[in-house]
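Take a look at the structure set out below.
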Amino acid sequence: MSEAAVQVVNFRKRYGPVVAVDNISFEVGRGEIFGLLGPNGAGKTSTLEALEGLRSADGGTLRVMGVDPTREARKLRDIIGVQLQTSGLPGSMTVREAMRFFCAYHRAPERVDLLHRLGLGEKMSAQYATLSTGQQRRLSLALAVAHNPPVVFLDEPTAGLDVATRIDLHEMMRELRASGTTIVLATHDMAEAEKMCDRVAILLRGRIAAIGTPRELTATGSGFTKVSVRTENGSLTRSDAAFPGVARKTVQEDYVVYFTTSVGTTLSAILAHIEAHGDPLIDLRVERPTLEERFLEITNGGGAR
Amino acid sequence: MRAFANHFAFEFRTGLRDKNLLLLNYLFPLGFYAMMGVMMGQINPLFIQTMIPAMAVFAILSATVLGLPNPLVEGRENGVFRSFKINGVPSLSILSIPAMTTAFHAIIACFIIALTAKPLFGAPAPVNWLAFALLCVLAAFTCAGLGALIGVVSANTRVTILWSQLIYLPSMMLSGMMVPTSMLPAALRKVGLLLPSTYAMHAFQGLALGQATDIQPWAAIGILAAGGILAFGLALYLFSWDSRNTTRRGHPALAVLALLPYIVGAAIF
């Protein structure tokens, strides 16, 4: 069996004349949290659904724990857990019944503890149709992981969740990773991807525009680090001094913001400047580019790899 | 086995819990039965002679042809079947278990009718209760097959109603439920032979009530069984998990093949 939990090689998917996914390849290691990012229509859902066995591929090879999702559907069911973005359960099915129903089909013991853990303990007898969107998503997540699958696909898992439940969910994802579960996560939430994912792939128009760890991706962007400085007398605002490494300077409220490729030398020069002008420092912030900024840079600039 | 038991129990409860299904499984057929018993007993005393099979077939049609298709369409269109597929629920279970539980509800309604029609309205009770029970099972199986097929091929619930009524309304008028088929014009009698309810009525009358019938009851049973098997087979073949992602194995128009046994019946009788 391959070392990778998920393998996608030259995967292609088209709908009539529209090419939804164009020859993409990537691997997800075991125990990894892998993020699929991209604007709507980038091919994320097509890729996920092909891996889940819900769509067939028009070309290429897909494997989940060595299993072909199209040809070995029965084997696939027990090794994956899926939280669909738009999942449905019969409206009259209660929370407890849903857990019992799906665990029975997976030949796994019921996991009522998961329902309590995800805040559904008091909703055991509530019918699916009466649950809020957040509760439906939590139930869907509980059902996805109840049979302890080695690979879990989560499509927008935290959309519509309150902050506390989101934190709980992230904690649960970390626990799953710690227990060796591989998670493939499709999300629009860049902060979530940056915080949770070991690696991410940014899809754009059916192609992989960038792939790597969040740190690698942000480092391969424009490369600018943002240095924001606020001083008591505003000496930097009035100054025309050209600090080393600085490509651009803007003023945002009381802060002077420098975009630099050389943080150390820029900082030294700024500090020397304000000291020389006798201008006391009030606040200094150094911010690396975020994944969201890199994502916007890629999606706005285009250029699939 | 555990999965089957859970699924069966859930679908059975749904037949009582869901207001629409409760209406079609029990309230509508039993309410109609009570109304017909009161009214028709005075207007048309002949009706009382065939009241039990007529109301049993009515209850079966209501639960299966009217009640079964919509949940199947909604399950497909609302992504329920996608969830089922991902979690390993086979298409055979998706079609057969609701069909079984619907048939079960219909059979309960049939027995309520059969057990109360004599004391309440003086209708002749079945002389062969075993035959009555087995015919309830067979008629429910056949009509559930048609209900499942309608659910599978209908694009939405409005189309479902159209197809269901295409079987249901002629059944009321032409199958012998309201008026004996012998009183119908020859052309309408032939049209009635395209309906499963006509064969169910003859089988019930001949084997459960011991009455004389135009059609050989065993031949009617054969046609009903063939119709049920064909309808279920076609429903399974044409089943689609998701109207957006899944390509059907065949064109929905193939569903008309389910009429074959009845066309043969119409040609023979």
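I'd like to know if segment B:233-245 contains one or more residues that are touching an Asp or Glu at 6+ places or on another chain (Cβ under 8 Å), closer than 23 Å to residue B:50 by Cβ, modelled with pLDDT under 95 and open to solvent by less than 80 Å² (accessible area, probe 1.4 Å). Before the answer, list the steps.
Initial filter on segment B:233-245 (touching an Asp or Glu at 6+ places or on another chain (Cβ under 8 Å)): B:243, B:245.
Checking the rest, the ones that are also closer than 23 Å to residue B:50 by Cβ come to none.
No: zero hits.
Starting from residues that are small (Gly, Ala, Ser) and out of contact with any helix residue (DSSP H, G or I) (no Cβ under 7 Å at 6 or more places or on another chain), keep the ones in segment B:30-53 and report whichever is surrounded by the fewest Cβ atoms within 10 Å (Cβ to Cβ).
Across segment B:30-53, the extreme among qualifying residues is B:31.
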- Note on the structure: Over segment A:197-224, the set of residues touching a helix residue (DSSP H, G or I) at 6+ places or on another chain (Cβ under 7 Å) and surrounded by fewer than 18 Cβ atoms within 10 Å (Cβ to Cβ) is A:222
- Message: Just to be sure I understand, how many residues within segment A:216-248 are among the hydroxyl-bearing types (Ser, Thr, Tyr), touching a Leu at 6+ places or on another chain (Cβ under 9 Å) and not in a helix (DSSP H, G or I)?
- Response: 2
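Taking only segment A:147-169 into account, find how many residues are open to solvent by 10 Å² or more (accessible area, probe 1.4 Å) and either more than 15 Å from residue A:38 (Cα to Cα) or of a type in the set (S, T, N, Q) (or both).
Keep residues of segment A:147-169 that are open to solvent by 10 Å² or more (accessible area, probe 1.4 Å), which gives A:147-148, A:150, A:155-156, A:159-168.
Subsequent filtering for residues that are either more than 15 Å from residue A:38 (Cα to Cα) or of a type in the set (S, T, N, Q) (or both) retains A:147-148, A:150, A:159-168.
Result for segment A:147-169: 13.
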- Note on the structure: Among the residues of segment A:79-100, the number that are within 30 Å of residue A:57 (Cα to Cα) and within 7 Å of chain B (Cβ to nearest Cβ) is 7
- Query: Taking residue B:70, is it within 11 Å of chain A (Cβ to nearest Cβ), touching a residue at least 24 places away in the same chain (Cβ under 8 Å), assigned to a helix (DSSP H, G or I) and under 21 Å from residue B:235 (Cβ atoms)?
  - Reply: no
- Message: Between a residue in segment A:154-165 that is without any contact (Cβ under 8 Å) to a residue 60 or more places away in the chain and any residue that is in a loop (DSSP other than H, G, I, E, B), which pairs come within a Cβ distance under 7 Å, given they are 6 or more apart or on different chains?
- Response: A:158/A:189; A:165/A:119
- Query: When residues of segment A:182-196 are filtered for being open to solvent by 10 Å² or more (accessible area, probe 1.4 Å) and either touching a Ser or Thr at 6+ places or on another chain (Cβ under 6 Å) or assigned to a loop (DSSP other than H, G, I, E, B) (or both), how many remain?
  - Reply: 2
- So which residues in segment B:1-29 are in contact (Cβ under 8 Å) with a residue 60 or more places away in the chain, open to solvent by 40 Å² or more (accessible area, probe 1.4 Å) and out of contact with any helix residue (DSSP H, G or I) (no Cβ under 6 Å at 6 or more places or on another chain)? B:4
- Message: Of the residues A:129, A:142, only one is of a type in the set (A, V, I, L, M) and over 26 Å from the mean Cα position of the chain (by Cα); which?
- Response: A:129
- Please specify each residue of segment A:1-33 satisfying the condition of being among the basic types (Lys, Arg) and open to solvent by less than 30 Å² (accessible area, probe 1.4 Å). A:13
- Message: Given the condition in contact with a His (Cβ under 8 Å, 6 or more places away or on another chain), of a type in the set (Gly, Ala, Ser), open to solvent by 20 Å² or more (accessible area, probe 1.4 Å) and farther than 30 Å from residue A:39 by Cβ, answer yes or no: does some residue in segment A:240-263 qualify?
- Response: yes
- Item | In segment A:233-254, residue modelled with the highest pLDDT [restricted to those that are closer than 15 Å to residue A:267 by Cα and among the basic types (Lys, Arg)] | A:249
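Picking from B:87, B:78, B:25, which residue would you name as being modelled with pLDDT of 95 or more and within 14 Å of chain A (Cβ to nearest Cβ)?
Details: B:87 fails: modelled with pLDDT of 95 or more; B:78 fails: modelled with pLDDT of 95 or more.
Unique residue meeting the criteria: B:25.
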- Query: Any residue in segment B:178-194 that is buried (at least 18 other Cβ atoms within 10 Å of the Cβ), among the small types (Gly, Ala, Ser) and closer than 17 Å to residue B:140 by Cα?
  - Reply: no
- Select, from B:92, B:130, B:134, the only residue that is surrounded by fewer than 22 Cβ atoms within 10 Å (Cβ to Cβ), hydrophobic (A, V, I, L, M, F, W, C), over 30 Å from residue B:39 (Cβ atoms) and touching a residue at least 40 places away in the same chain (Cβ under 8 Å). B:92
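The values are calculated or read from the model by the stated rules, or taken from the named source; none is laboratory data. These numbers were taken from a predicted model, which means no experiment stands behind them. All Cβ positions, even for glycine, are placed from backbone atoms using ideal geometry, and neighbour counts span all protein chains on display. All accessible areas refer to the heavy atoms of the entire protein, side chains included, with ligands and DNA or RNA removed. Shrake-Rupley method; radii C 1.70, N 1.55, O 1.52, S 1.80 Å.
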